[in-house]
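J.: If you scroll down you'll find the structure; I have some questions about it.
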Amino acid sequence: MRPDRTKVLYIGGEGRSGSTVLERLLATTPGTCAIGEAKYLFALGIGSKELCGCGRPVPECELWSEVGNRLVGGWDSAEGKGLVDLFAALDRPRKIPATVAGRGDLVRRAREVLADLYPLIAEVSGASVIIDSSKHPAWAYLLAGTETVDLRVVHLVRHPSGVVQSWSRPIERPQAGAGKGEQLMPAHSALEVTVRWDIFNGLFHRLARRSVPTVLVRYEDYVEDIGGTLRASLGLVGLECGGTPETMTRGHGIAGNPSRFADDGQAIMVDDRWITELGRIKHTLVSAATWRKRSAYGYRYRRSEPVVPLVRHATGRAAGTGDRVTGGVTDSDTEGGSGTEGGSGSGSGDDPAVRRSRDRSGVVDD
């Protein structure tokens, strides 16, 4: 018998912030099932037949094929193909306001599908917690209004200049495989990324104010303190962290960064190339456009010290109530800003010059 509500630990925020690696680290915890960016299950996984994290095309994957059989009698059925069309119609920028507001027939129909989908994933995988790294706020709002889903959010942020610089580089997509999906993850303009960074993070603050349990995690902190981040994140769903994992699992993730297919023992380190590579004018404009949230997150304009410590007492909406959390603070702690632009601090615990001198093979840049 299915539980009344399925716990979903959702990693949300702007892309290129390390979500795929964080998902894989969280998935080492017993009782979890990492499904990657489920937002793209229908378009890329079923429609384009891209590779699952296990290495097989999604429709042929042991997990996803069984889910499809139970959900619609197989992904190749008329109903299965109809779901591809349904979510393609919903996955448009102009549909975001209606999705956030929970209005319209498309939103209602999508939630009806998700109400069956997530419990089925838990049932087939045997997991008590589903880890979804879709990141997009619209998908989070869909889940928040789905009756069978008990949503908890890990709000993942990264210095906006680092995000902008990362999106300026196209990345190969090994998950495209021999399918019909794009072989490259395209580059995005600084303007587009800056606007999206501000809007997406704002929408996750709004979701937290709607009493969705949320913990804020900074990319720069989680790479330096993996154990603390896992404790804060897993605490949201009542799971204990067994320590810092020595390896990562691939799981059955959809889409995401190519690091999904990297060696399980890859090194994990901060990608701070933006400090030396991002142009001065672009950095200044990005910093000015995002100053309010950037400052609240402890991100500074000064390249020599771009990150200052951000440690808060957790509230009842986060893991470890009453405990001081390293690498994880509640969204409510950032409301109103922290005024760190001119403050002091020791950064994220590692000298940027030292980080830049490391082997880049294990850089976390999602």
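J.: Along the charge dipole of the range 109-253, pointing to its positive end and built from +1/-1 on Cβ of Lys, Arg, Asp and Glu, which listed residue (GLY242, GLY227, TRP167) has its Cα farthest out?
T.: TRP167
J.: If you find the alpha carbon centre of the range 115-142 and of the range 1-77, how far apart are they in angstrom?
T.: 8
J.: Please state, to two decimals, what the Cα-based radius of gyration of the range 59-122 comes to when divided by 2.2 N^0.38 Å (N = residues).
T.: 1.19
J.: A follow-up question, please. Rank the residues PHE200, PHE87 as a footprinting-exposure proxy: fewest other Cβ atoms within 10 Å of their Cβ go first.
T.: By the 10 Å Cβ count, ascending, the order reads PHE200, PHE87.
J.: Further question: Once amide H atoms are built 1.01 Å from N in the peptide plane, which residues 5 or more positions from ILE11, or in another chain, come under 5 Å H to H?
T.: ASP132, SER133, SER134, LYS135, VAL154
J.: How would THR284, THR32 line up from fewest to most surrounding beta-carbon atoms within 10 angstrom?
T.: Ranking THR284, THR32 by Cβ neighbours within 10 Å, fewest first, gives THR284, THR32.
J.: By count of other Cβ within 10 Å, fewest leading, how are CYS54, CYS241 ordered?
T.: In increasing order of surrounding Cβ atoms, one gets CYS54, CYS241.
J.: Return the inverse of the average 1/r over all pairs of distinct C-alpha atoms in the range 6-270, which is the Kirkwood hydrodynamic radius, in Å to one decimal.
T.: Hydrodynamic radius (Kirkwood, Cα pairs) of the range 6-270 is 18.4 Å.
J.: Further question on the same structure: Exceeding 20 Å between C-alpha atoms, which entries from my cross-link table qualify? They are LYS49/LYS95; LYS39/LYS293; LYS39/LYS95; LYS95/LYS282.
T.: LYS49/LYS95; LYS39/LYS293; LYS95/LYS282
Coordinate-derived values only; no laboratory data. Fair warning: this is a prediction, and the values are worked out from it, not measured in the lab. Reconstructed Cβ throughout: ideal geometry from the backbone, glycine too, with neighbour counts over all protein chains shown.
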